[in-house]
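Everything on this sheet refers to the single structure shown next.
The values are calculated or read from the model by the stated rules, or taken from the named source; none is laboratory data. If you're wondering where the values come from, they're calculated on a predicted model, not measured in any experiment. Positions of Cβ are backbone-derived with ideal geometry, glycine not excepted, and every protein chain shown enters the neighbour counts. The area values use the complete protein model at the heavy-atom level, side chains included, leaving out ligands, DNA and RNA. Shrake-Rupley method; radii C 1.70, N 1.55, O 1.52, S 1.80 Å.
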Amino acid sequence: MRNVIIKKQIRFVKGIRFFCALTAGLFLLSACGKTATENSAGISAPTQSGAVESDFEYQFVAESENGYYFWERISPDRLNTRLLFMDRESGGVVPLCNRPDCNHEGLECNAYYPEINFHTAGVDKKYLQYYEGELYAVGLSEDAYVSVFRIKADGSEWELSTKLYRTDYARTGHWKPPELLINGGYVYFVDWYQTVKRLERIPIGGGTSEIVFEGSPDASAVDIYRFEINAGSLSFQVISYQDDSPENIVQELYCYDPETGQCSLTKNIGGSYSIWNDFVYYENSEGLCRYSMQDDTVEVLVDQPMNVPNITLTKEYIILCDQMADCVLNLYDYEGKKLTTVPNTLGMFWYFGGNSEILFGECRAEIGRKLCYLDLTRPLDELQWEELQAD
């Protein structure tokens, strides 16, 4: 991997009209800047002003104005996974390649990116984010730095963008991707090689990093994870371990304001959460709760213990995948009334999030896992998971 732009041959893929719009300069559409609107239940629900509503807790799918980017999953028929694009309007899925006459099957295809393997540099295919018209992936540089790579939205070029920290991967072969999110011109990240973690940020393209939040030095270990951007501020969760006793674990939700440079404690929350306006939706042993940051009050919306990997908020629904009930998907309104349950017909393992139109997730395959999606524009009684693969 070289710290130079890697040129790829330019062509227009036949029948793929979205490249014209992609190269015209798109803008970030992630789980940022949620504002309020009224839904059919009369309860304020999240939308984004001038943008497509989205709520992705896991950055496995990158959303743009015209569609979605994601990494293909390994299968017996597909050992060399590719970067794919799903057109929002047509629903068509194609490899992100613009080489003329490419059959998209070999390593020479532009949709293929080298993987981290056998002590070699490459791209980790568990992270992807769309930011200001370009894609960003995380991986390992040739000099063993955890790094952020920039990819042109049409797949024609890619380059090393930002080095974060050095690893011992060349010696140990142990790789773990960082917790990472790009916002406001900065890469926010956590170095997983630290015992007591700290949240740092560095300008996109490189520069001097600065510490945003640092775990207590009195803790035996500190984890920082679950990033979410709301109205320009960064929310994240912190788990502090005082010793090996479960009673001495502290779980907290913090908010970092980049304008003031200050972190503040939002609430003691350890499970999945999602924020919009002044409300935090989260799950715990009581069920699904809604916390008002303005009034400092908690309302239990669903009085039922649950274990969910994430919480997705759309214009109409609160969406939960209950892992205690064979990963069935439950849709609630903003009063906590269950509207429907989506059966787990494809062996749903977990889902990443989505918006008012579509959800993305992973289902179990005969070997490994496969990508799947749920079309939320259908009537509630017709919702079902479908496999997501290239046309």
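Considering the options 122, 139, 81, tell which one lies farthest towards the positive end of the dipole of the stretch 64-149, charges being +1 on Lys and Arg and -1 on Asp and Glu at the Cβ, about the Cα centre.
81
Ratio to report: Rg/Rh of the stretch 312-355, with Cα atoms as the point set and Rh obtained by the Kirkwood method; give two decimals. Write down the numbers at each step before the final one.
On the way: Rg = 10.3 Å, Rh = 10.8 Å.
On the Cα set of the stretch 312-355, Rg over Rh gives 0.95.
Based on alpha-carbon positions alone, could you give the equivalent ellipsoid semi-axes of the stretch 284-340 from the gyration tensor, as √(5λ), descending, whole Å? Could the numbers behind the result be given before it?
Details: eigenvalues 73, 37, 18 Å².
Ellipsoid half-lengths, sorted descending, are 19, 14, 10 Å.
Taking loop as defined by DSSP and a crowding limit of 11 other beta carbons within 10 Å, which chymotrypsin sites (Phe, Trp or Tyr not before Pro) in the stretch 106-140 fit? Write down the numbers at each step before the final one.
Details: sites: 112, 118, 127, 130, 131, 136; in loops: 118.
The qualifying sites are 118.
Given the Cα-Cα distance of residue 242 and residue 120 and 0.36 nm per residue of separation, how much length would full extension add, in nm? Intermediate results must be reported in sequence, preceding the final value.
Values: separation 122, 0.36 × 122 = 43.92 nm, distance 3.67 nm.
Computed gain between residue 242 and residue 120 is 40.2 nm.
How much area per residue is accessible in the stretch 69-169 when the probe is 1.4 Å and only protein heavy atoms are counted (Å²)?
Values: 3770 Å² over 101 residues.
Heavy-atom SASA per residue in the stretch 69-169 reads 37 Å².
If you wrap a convex hull around the alpha carbons of the stretch 287-388, what volume per residue comes out, as a whole number of Å³?
Spelled out: Cα convex hull of the stretch 287-388, divided by residues, is 101 Å³.
If each residue of separation counts as 0.36 nm, what is the full-extension length gain between residue 103 and residue 335 once their alpha-carbon separation is subtracted? It would help to have the intermediate numbers written out before the result.
Values: separation 232, 0.36 × 232 = 83.52 nm, distance 5.03 nm.
My answer for the length gained is 78.5 nm.
Kindly provide the chymotrypsin sites (Phe, Trp or Tyr not before Pro) of the stretch 227-321 that DSSP labels as loop, not H, G, I, E or B, and whose Cβ sees at most 11 other Cβ atoms within 10 Å. Write out the running numbers ahead of the final one.
On the way: sites: 227, 236, 241, 254, 256, 273, 276, 279, 281, 282, 291, 317; in loops: 317.
Here no chymotrypsin sites (Phe, Trp or Tyr not before Pro) fit, given the DSSP loop and packing criteria.
Pairwise over distinct Cα atoms, reciprocal of the mean inverse distance: report the Kirkwood radius of the stretch 142-194 in Å, one decimal place. Can you show the working numbers first?
Numbers: mean 1/r = 0.0804 Å⁻¹.
Hydrodynamic radius (Kirkwood, Cα only) of the stretch 142-194 equals 12.4 Å.
So which GluC sites (Glu not before Pro) in the stretch 106-173 pass both tests, a DSSP loop state and at most 13 other Cβ atoms within 10 Å of the Cβ?
Details: sites: 108, 115, 132, 134, 142, 157, 159; in loops: 108, 132, 142.
Filter output for the stretch 106-173: 108, 132.
With every protein chain kept in place and ligands, DNA and RNA left out, what is the accessible area per residue of the stretch 291-391? Probe 1.4 Å, answer in Å².
Accessible surface, normalised per residue, equals 46 Å².
Would you tell me the accessible area of residue 89, worked out with a 1.4 angstrom probe on the heavy atoms of the protein chains, in Å² to the nearest 10?
Roughly 150 Å² of residue 89 is accessible to a 1.4 Å probe.
State the extension gain, in nm to one decimal, for the chain segment bounded by residue 299 and residue 225, taking 0.36 nm per residue of separation less the distance between their alpha-carbons.
On the way: separation 74, 0.36 × 74 = 26.64 nm, distance 2.48 nm.
Length difference between fully extended and current span is 24.2 nm.
Quick check for me: using +1 on Lys/Arg Cβ and -1 on Asp/Glu Cβ, what's the dipole size of the stretch 302-391 about its Cα centre, in debye to the nearest 20? Walk me through the numbers before you get to the answer.
Details: 7 positive and 15 negative charges, 42 e Å.
For the stretch 302-391, the charge dipole is close to 200 debye.
When only Cα pairs under 8 Å and 6 or more residues apart are kept, what is the percent relative contact order across the stretch 264-339? Display every interim value, and only then the final one.
Details: 145 pairs, mean separation 14.9, N = 76.
Once normalised by length, the contact order is 20 percent.
Over the stretch 227-350, with a single point scatterer placed on each C-alpha, what log10 of the ratio I(q)/I(0) does the Debye formula yield at q = 0.09, 0.11 1/Å?
Taken in order of the listed q values, log10 I(q)/I(0) reads -0.28, -0.42.
At what distance in nm do the modelled label points of residue 208 and residue 174 sit from each other, each positioned 7 Å from its Cα along Cα→Cβ?
Result for the modelled spin labels: 3.2 nm.
Between the stretch 146-170 and the stretch 82-109, what is the separation of their alpha carbon centroids in Å?
21 Å
What do you get for Rg/Rh of the stretch 181-287 when both radii come from the Cα atoms and Rh is the Kirkwood radius? It would help to have the intermediate numbers written out before the result.
Details: Rg = 14.2 Å, Rh = 14.6 Å.
Here the Rg-to-Rh quotient is 0.97.
About the Cα centre of the stretch 81-163, what is the dipole size in debye to 20, counting +1 per Lys and Arg Cβ and -1 per Asp and Glu Cβ, all else neutral?
Numbers: 8 positive and 14 negative charges, 47 e Å.
Here the stretch 81-163 has a charge dipole of around 220 debye.
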